[in-house]
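The values are calculated or read from the model by the stated rules, or taken from the named source; none is laboratory data. Remember, it's a predicted structure, so these values are computed and weren't measured experimentally. Heads up, the Cβs are rebuilt from the backbone with ideal geometry, glycines too, and the neighbour counts pull from every protein chain shown. Just the protein is used for accessible areas: all its heavy atoms, side chains included, with ligands, DNA and RNA removed. Shrake-Rupley method; radii C 1.70, N 1.55, O 1.52, S 1.80 Å.
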Amino acid sequence: MAKLLQHGQGPKTLKKIDRRSLLKSAAGAGIALAAGPLLTTVGRAQASATIRYADDGGYNYDRRFETYLKPFMEKTGVEIQHYVGDKSLAKMKAMTQVGNLEFDMGNELGTVSAAADKAGYLAPLDKSRLDMSRHMFPEWVFNGSIAWQYYTGGIGYNQKALQGKPLPKTWAEYFDFKAFPGRRGMLSRPQETLEQALMADGVKPSELYPLDLDRAYKSLDRVKNDVKIWIDDTGKTIELLQTNEIDYTYTTSARVVAAAKAGVPLGMLSEMPLNPPQNVHIMKGGKNYDACMELAKWFTENTEAGIRYFTVQIGYGPTDKPTLEGLPQNIRAQLPSRDNPQAVWLNVDWWSQNLEPVTRRHKLWLLT
């Protein structure tokens, strides 16, 4: 049964990956359809249209709400219902197959969004309504999916717990448990994890794609039994570091910066940063396509909202050139450079074609 939540509320759980939880996740799409979404209704009582909008909960959503969604509703009169729940590729597939969409529009990992587009679950974006000359990453633009921001991933660590100890700076060092002892966390998804594994095995960032899956899993095999926790949500990485359940984990710079501002003694090592995009998309058959297109344009082209958002969300970067140029210089200086040969800009097109089979393989690998 669907539940309406007030803005800022939502389920807060820490989920550790084990055999039982992975088996449950295999049936996640069916369960989600039966259970229904969590929705936060925000907007005017007499809205001109309604968008059921799928996004994360918590701190990141709160920032997007204040800088993007709330001003959009005030200007347009469109009501936005915040869907909090499963918005994965499997979920989109299941909704499409049964013809019962629980959300009209999604804000999702670029790899997942582009894969949904390739699979035919998304409506084509009307590019005539978008100023594509502003977009700096044409490789992250697809028929039904477009990147509006990117994040930077690296090695997060507890500064207090590891004070005075040698710290791993590269992925090869991160995979070296003898030279750099400490309790590790890794994400349970294959995206970004396989890139780390290959770089740990000596593959140069410029030579990662197409990913050599056999080599990546051989690299992961060497550390699999030493990883303390396989984490299913990047948002939990900070909590695990803060509660001293782990010493290191793959995480994102924006989360570390936000935690540090709150007084949590965390640091991040990112000499070989991973930079994946986050995309917006519209579901095929979703309601109020025109309103959804306006919100997509708002995310990708609203310079004023973007400057406010990215000035607060330090560590996230815009895909819109005017927004980037409008950021304070000290904020821009903290973003990864496209000229850095050690930086990885995720090949979303490769993932869009391989996400589903690689995810199946990854789940089986975690279980064995």
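Open to solvent by 10 Å² or more (accessible area, probe 1.4 Å) and assigned to a helix (DSSP H, G or I): is that true of Glu239 in this structure?
Numbers: open to solvent by 10 Å² or more (accessible area, probe 1.4 Å): yes; assigned to a helix (DSSP H, G or I): yes.
Judged against the criteria, Glu239 is a match.
Tell me which residues, restricted to the range 329-344, are open to solvent by less than 50 Å² (accessible area, probe 1.4 Å) and part of a loop (DSSP other than H, G, I, E, B). Explain how you work it out, then say what you get.
So the first thing to find is which residues in the range 329-344 are open to solvent by less than 50 Å² (accessible area, probe 1.4 Å), and the list is 331, 335-336, 343-344.
Within the range 329-344, Leu335, Pro336, Ala343 qualify.
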Inspect the range 308-321 for any residue being of a type in the set (S, T, N, Q), open to solvent by 10 Å² or more (accessible area, probe 1.4 Å), modelled with pLDDT of 95 or more and not in a helix (DSSP H, G or I) and give the result as yes or no. no
Members of the range 55-72 that are surrounded by 21 or more Cβ atoms within 10 Å (Cβ to Cβ) and among the acidic types (Asp, Glu): Asp55
Residue under evaluation Arg129, criteria (1) open to solvent by 40 Å² or more (accessible area, probe 1.4 Å); (2) free of Cβ contacts under 8 Å to residues at least 12 places away in the same chain, criterion not met: (2)
Pick from the range 242-266, criterion open to solvent by 30 Å² or more (accessible area, probe 1.4 Å) and not polar (S, T, N, Q), ranking: farthest from Tyr316 (Cα to Cα): Glu245
Subset of the range 132-155 that is in a helix (DSSP H, G or I) and open to solvent by 10 Å² or more (accessible area, probe 1.4 Å) - its residue that is nearest to Phe310 (Cα to Cα): Arg134
Could you please give the count of residues in the range 187-236 that are of a type in the set (Gly, Ala, Ser), surrounded by fewer than 21 Cβ atoms within 10 Å (Cβ to Cβ) and not in a loop (DSSP other than H, G, I, E, B)? 2
Condition first: out of contact with any helix residue (DSSP H, G or I) (no Cβ under 6 Å at 6 or more places or on another chain) and either in a strand (DSSP E or B) or open to solvent by less than 20 Å² (accessible area, probe 1.4 Å) (or both). Now tell me which residues in the range 279-289 satisfy that. Met283
Would you confirm whether or not the range 169-179 contains a residue that is of a type outside the set (Ser, Thr, Tyr), surrounded by 22 or more Cβ atoms within 10 Å (Cβ to Cβ) and over 27 Å from Leu366 (Cβ atoms)? no
Scan the range 196-214 and report the pairs whose first residue is under 14 Å from Asn347 (Cβ atoms) and at pLDDT 95 or above and whose second residue is in a loop (DSSP other than H, G, I, E, B) and among the charged types (D, E, K, R), with Cβ atoms within less than 8 Å and a gap of 6+ or a chain change. Leu198/Asp212; Val203/Asp212
Pairs, first over 17 Å from Tyr150 (Cα atoms) in the range 337-363, second of a type in the set (Asp, Glu), C-beta under 6 Å, six or more apart: none
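Quick one: which of Leu324, Leu295, Leu269, Leu274 is surrounded by fewer than 20 Cβ atoms within 10 Å (Cβ to Cβ), modelled with pLDDT of 95 or more and of a type in the set (A, V, I, L, M, F, W, C)? Break it down stepwise before answering.
Values: Leu295 fails: surrounded by fewer than 20 Cβ atoms within 10 Å (Cβ to Cβ); Leu269 fails: modelled with pLDDT of 95 or more; Leu274 fails: surrounded by fewer than 20 Cβ atoms within 10 Å (Cβ to Cβ).
Only one candidate passes the filter, namely Leu324.
May I ask you to verify whether Thr50 is within 22 Å of Ala258 (Cβ to Cβ), hydroxyl-bearing (Ser, Thr, Tyr), open to solvent by less than 60 Å² (accessible area, probe 1.4 Å) and modelled with pLDDT of 55 or more? It would help to see each step written out before you state the result.
Numbers: within 22 Å of Ala258 (Cβ to Cβ): no; hydroxyl-bearing (Ser, Thr, Tyr): yes; open to solvent by less than 60 Å² (accessible area, probe 1.4 Å): yes; modelled with pLDDT of 55 or more: yes.
Criteria not met by Thr50.
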Pairs where the first residue, in the range 243-272, is free of Cβ contacts under 8 Å to residues at least 40 places away in the same chain and the second is surrounded by fewer than 21 Cβ atoms within 10 Å (Cβ to Cβ), C-beta under 8 Å, 6+ apart: Ala259/Gln242; Ala260/Gly267; Val264/Gln242
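Determine whether Ala254 is among the hydrophobic types (A, V, I, L, M, F, W, C), more than 30 Å from Leu162 (Cβ to Cβ) and in a helix (DSSP H, G or I).
Values: among the hydrophobic types (A, V, I, L, M, F, W, C): yes; more than 30 Å from Leu162 (Cβ to Cβ): no; in a helix (DSSP H, G or I): yes.
It is false that Ala254 is among the hydrophobic types (A, V, I, L, M, F, W, C), more than 30 Å from Leu162 (Cβ to Cβ) and in a helix (DSSP H, G or I).
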